[in-house]
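Below is one structure, written out as structure tokens; comments come after it.
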Amino acid sequence: MRITAEGLSWSASGTPVLRRVDLDIAPGETVGLIGPNGSGKSSLLRCLAGLRVPDAGTVRYDGVPVRDLGARGIARRVAFVAQDSALDTDLRVADVVGLGRTPFRDRWRGPDAYDRAVVAAALDRVGLTGLAGRPWKGLSGGERQRAHIARAFAQQPYGLLLDEPTNHLDVKHQLQLMELLAGAERTVLVALHDLTLAARHCDRLLLVHDGLLVASGAPADVLTCENLARVFEVDAELSADALGRPAVSYRGPLRDPAPRSAHRSAHRQGTP
Amino acid sequence: MFADLLHPAARAPGAAAAAPYAPLPQPRARARTGMLLAQGLVLAASVAAATRIGSADVGWTDLGRVLGARLGLGTEPLPPLLDSLVWDLRLPRVLMAALVGASLAVCGTVLQAVTRNALADPYLLGVSSGAGAGAVTVVVLGFGAGTLGITGGALAGALLAFAGLLLLLRRTGLDSVRIVLTGVVVGQLFTALTSLVLMASADADTTRAVTHWLLGSMAPARWDAVVVCAVVTPLGLAAALLCANALDGLAFGADTAASLGIGVRRTRMLLLVVTAVLTSVAVATVGAIGFVGLIVPHGVRFLAGPLHRVLLPHAALAGAVFLVWTDALARVAFAPREVPVGVITALIGVPLFLLVLRRRGEL
């Protein structure tokens, strides 16, 4: 499924967060969304997932405007994984993963054998089969994150939109998750903080800064010293790994950062 | 066939058969149905037993004779006084307790899911106070008194309380711990308004009657109110059950729910109105009874699990049983004097409320 956006603008209580973003994600492509805190990554993901109505511009799935699909229509095409919200619920892990079957069921109907088979497959995919019956409260942050990924897969989605899913994961699980996403043969847009991880596993990177899409292309083209200095305000060194993918190491923050845009203070990380 | 059950292509019917994954076992499904039946039997037995308890003891045979005569089964009727006591006072009262208990437990379950707050309950969120203020205004100012007028006033008050709550929470959203504090504030406002209406325009007798009623008592329950409740309570439960999947999906907040195809705003509005209707029908007859909606869902979750399709009917039955027995206790604990049942539920509810707070690490 192809995900496109044309001239996407969105503002939160008068402050522009996204400004005329154009993007085109090809079917099966794994795209990393990178940018500093408050650059608009989360808002972009939410607009693409149909959770926010843009002030201007259109999001399309395979050419169909998202606003014509309805909440269920969107949910049957795209799964969205928000940053983990720690909370108090009595749900079990299998129940949480089973939520992914909601868009395919009548409102009052419970899960049937097919739903449970899909949940079993999703749990297996993220390696949580043994924890199916565990209460959510007893899970570690990493296990919760993987359960959310399983829930997204239980939606049998054509596209996956994920907001920093590698948070709370240890290195092994980060690598496993990224391999899972890259090998899933779905259209994937994943917001990431770890630039080297993004470069290793993504076909393409989108770099956002102050609500603008400032660079898009192969990891080696997007991760340049100039871009990292300008957008992330860091002094970075780039090397290539054995497969020619860029790896980022940092000398430190820039001593004399470029003057910040007046809008920055309004962009809080994780603004809902 | 598709080995990958998680691929969109596997949505085609028959894909599951080819998939290598056995469905997760669901061992408790049958047990839960059995539990529901058992709870139904407990409720029926409780209603029958509680009907015997009170200022005048009624034997099992007396109960059978009243029912037989009234339902036209041709049994010999009781003396008119005893017959009237059972049929006109005791029975409607016990049935009302069952219906109101079920209503309040459903309201509490729904509100806890909609607000993602384990402490939500119509009483704590000020909805009961709103309904009380509306009902009292109708009674004291006298326009359209009578069951329907009072219920209408209560409904208007309950909806106003919800509107106030939503207005105060519009910046933080419903997914907030602040909701209970805000609810308490709204409740205080409506309690003050009730007092104002009473002081300004009611005589001493009305004030005393209204005060007693607002504490929550099943004594005024008559058949007309029972019939209204018997219609509204199942409808409310059915509406909540229709939203059962949405209530589960709300566990991770509005965005995640919406991404699962749930119409979050519409579901919330529908359920808040349902809650307001259930609460106001209860308050209009038996006053504001607190804590039933808070503690019953918590207790039932241990038995029925957190999924609302199962939880809601269990909560309704458990709430009914709970209030039938608390009301029976209210009748006999300080006999011949009767304690408002709201006082008893509060005495039981407050320690449990503190227990919930402690379990959540907020105390």
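The values are calculated or read from the model by the stated rules, or taken from the named source; none is laboratory data. Computed from a prediction, not measured in an experiment: that's the story for all the values here. As a convention, Cβ positions derive from the backbone with ideal geometry for all residues, glycine included, and neighbour counts pool all protein chains shown. Surface areas here come from the heavy atoms of the whole protein model, side chains and all, with no ligands, DNA or RNA. Shrake-Rupley method; radii C 1.70, N 1.55, O 1.52, S 1.80 Å.
Looking at (1) under 29 Å from A:Arg72 (Cβ atoms); (2) open to solvent by 30 Å² or more (accessible area, probe 1.4 Å), can you tell me which one A:Leu128 breaks?
(2)
Which one of these is of a type in the set (Gly, Ala, Ser) and surrounded by fewer than 23 Cβ atoms within 10 Å (Cβ to Cβ): B:Gly164, B:Gly101?
B:Gly164
If B:Gly349 satisfies all but one of (1) open to solvent by 10 Å² or more (accessible area, probe 1.4 Å); (2) at pLDDT below 90, what's the number of the condition it fails?
Of everything listed in (1) open to solvent by 10 Å² or more (accessible area, probe 1.4 Å); (2) at pLDDT below 90, B:Gly349 misses just condition (1).
Provide a single number: the residues in region A:108-153 that are at the interface with another protein chain (Cβ under 7 Å from one of its Cβ atoms) and either free of Cβ contacts under 8 Å to residues at least 60 places away in the same chain or assigned to a loop (DSSP other than H, G, I, E, B) (or both).
Of the residues in that region, 14 qualify.
Among the residues in region B:298-313, are any at pLDDT 90 or above and touching a His at 6+ places or on another chain (Cβ under 9 Å)?
Within region B:298-313, one or more residues are at pLDDT 90 or above and touching a His at 6+ places or on another chain (Cβ under 9 Å).
Just one of B:Val197, B:Val231 is more than 14 Å from chain A (Cβ to nearest Cβ), open to solvent by 20 Å² or more (accessible area, probe 1.4 Å) and within 24 Å of the chain's Cα centre (by Cα); which is it?
Result: B:Val231 is the single residue among B:Val197, B:Val231 that is more than 14 Å from chain A (Cβ to nearest Cβ), open to solvent by 20 Å² or more (accessible area, probe 1.4 Å) and within 24 Å of the chain's Cα centre (by Cα).
Residues in region B:32-51: is at least one charged (D, E, K, R), over 24 Å from the mean Cα position of the chain (by Cα) and open to solvent by 30 Å² or more (accessible area, probe 1.4 Å)?
Among the residues of region B:32-51, not one is charged (D, E, K, R), over 24 Å from the mean Cα position of the chain (by Cα) and open to solvent by 30 Å² or more (accessible area, probe 1.4 Å), which makes the answer no.
With the checklist (1) within 21 Å of A:Asp163 (Cβ to Cβ); (2) under 22 Å from the mean Cα position of the chain (by Cα) in hand, flag the one item A:Gly63 doesn't pass.
(1)
So how many residues does region B:321-345 have that are touching a residue at least 24 places away in the same chain (Cβ under 8 Å) and open to solvent by 30 Å² or more (accessible area, probe 1.4 Å)?
Residues in region B:321-345 being touching a residue at least 24 places away in the same chain (Cβ under 8 Å) and open to solvent by 30 Å² or more (accessible area, probe 1.4 Å): 7 in total.
Residue-by-condition table, conditions (1) modelled with pLDDT of 95 or more; (2) under 18 Å from A:Leu195 (Cα atoms):
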residue	(1), (2)
A:Met1	no, no
A:Thr4	yes, no
A:Leu8	yes, no
A:Leu18	yes, no
A:Val21	yes, no
A:Ile25	yes, no
A:Asn37	no, yes
A:Gly40	no, yes
A:Leu48	yes, no
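Which of the residues that make up region A:85-105 are more than 8 Å from chain B (Cβ to nearest Cβ) and open to solvent by 40 Å² or more (accessible area, probe 1.4 Å)?
Hit for region A:85-105 is A:Ala86, nothing else.
So that you can scan it fast, the table gives a plain yes or no per residue for (1) more than 21 Å from B:Leu317 (Cβ to Cβ); (2) modelled with pLDDT under 90:
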| site | (1), (2) |
| --- | --- |
| B:Glu76 | yes, yes |
| B:Leu89 | yes, yes |
| B:Met96 | no, no |
| B:Val110 | no, no |
| B:Ala120 | no, yes |
| B:Ser128 | yes, no |
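When A:Tyr61 is evaluated against the numbered criteria (1) away from every other protein chain (no Cβ under 14 Å); (2) over 28 Å from A:Thr224 (Cα atoms), which criterion, by number, is the only one it fails?
All conditions pass for A:Tyr61, except number (1).
Taking region B:247-267 as the region of interest, how many residues are open to solvent by less than 10 Å² (accessible area, probe 1.4 Å) and more than 7 Å from chain A (Cβ to nearest Cβ)?
Count: 3.
Yes/no matrix, rows are residues, columns are (1) closer than 25 Å to B:Arg93 by Cα; (2) open to solvent by less than 20 Å² (accessible area, probe 1.4 Å):
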site: B:Met269; (1), (2): no, no
site: B:Val281; (1), (2): yes, yes
site: B:Gly293; (1), (2): yes, yes
site: B:His308; (1), (2): no, yes
site: B:Pro313; (1), (2): yes, no
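Specify the residue that is farthest from the other protein chains (Cβ to nearest Cβ); the eligible residues are those in region B:235-244 that are in a helix (DSSP H, G or I) and open to solvent by 10 Å² or more (accessible area, probe 1.4 Å).
Among those that are in a helix (DSSP H, G or I) and open to solvent by 10 Å² or more (accessible area, probe 1.4 Å), it is B:Leu235.
Within the set of pairs 6 or more residues apart or between chains, which connect a residue that is outside any loop (DSSP other than H, G, I, E, B) inside region A:193-208 to a residue that is surrounded by 20 or more Cβ atoms within 10 Å (Cβ to Cβ) and hydroxyl-bearing (Ser, Thr, Tyr) with Cβ atoms less than 8 Å apart?
Short answer, once both residue conditions are applied: A:Leu197/A:Thr166; A:His201/A:Thr30; A:Arg204/A:Thr30; A:Val208/A:Ser39.
Only one of B:Asp224, B:Asp205 is among the acidic types (Asp, Glu), modelled with pLDDT of 85 or more and either out of contact with any strand residue (DSSP E or B) (no Cβ under 6 Å at 6 or more places or on another chain) or closer than 23 Å to B:Thr275 by Cβ (or both); which?
It is B:Asp224.
Here are some conditions: (1) open to solvent by less than 50 Å² (accessible area, probe 1.4 Å); (2) without any contact (Cβ under 8 Å) to a residue 40 or more places away in the chain. A:Leu44 meets all but one. Which one does it not meet?
Result: A:Leu44 passes all but (2).
Only one residue in B:Leu329, B:Leu317 is out of contact with any Leu (no Cβ under 8 Å at 6 or more places or on another chain) and modelled with pLDDT of 90 or more, so which one is that?
Exactly one residue qualifies, and that residue is B:Leu329.
Scan region A:195-211 for residues that are out of contact with any Asp or Glu (no Cβ under 8 Å at 6 or more places or on another chain) and either surrounded by fewer than 18 Cβ atoms within 10 Å (Cβ to Cβ) or among the small types (Gly, Ala, Ser) (or both) and jot them down.
Once the filter is applied, which keeps residues that are out of contact with any Asp or Glu (no Cβ under 8 Å at 6 or more places or on another chain) and either surrounded by fewer than 18 Cβ atoms within 10 Å (Cβ to Cβ) or among the small types (Gly, Ala, Ser) (or both), region A:195-211 yields A:Ala198, A:Ala199, A:Gly211.
Of the residues B:Phe353, B:Phe334, B:Phe322, B:Phe252, which single one is among the aromatic types (Phe, Trp, Tyr) and outside any helix (DSSP H, G or I)?
The match here is B:Phe334.
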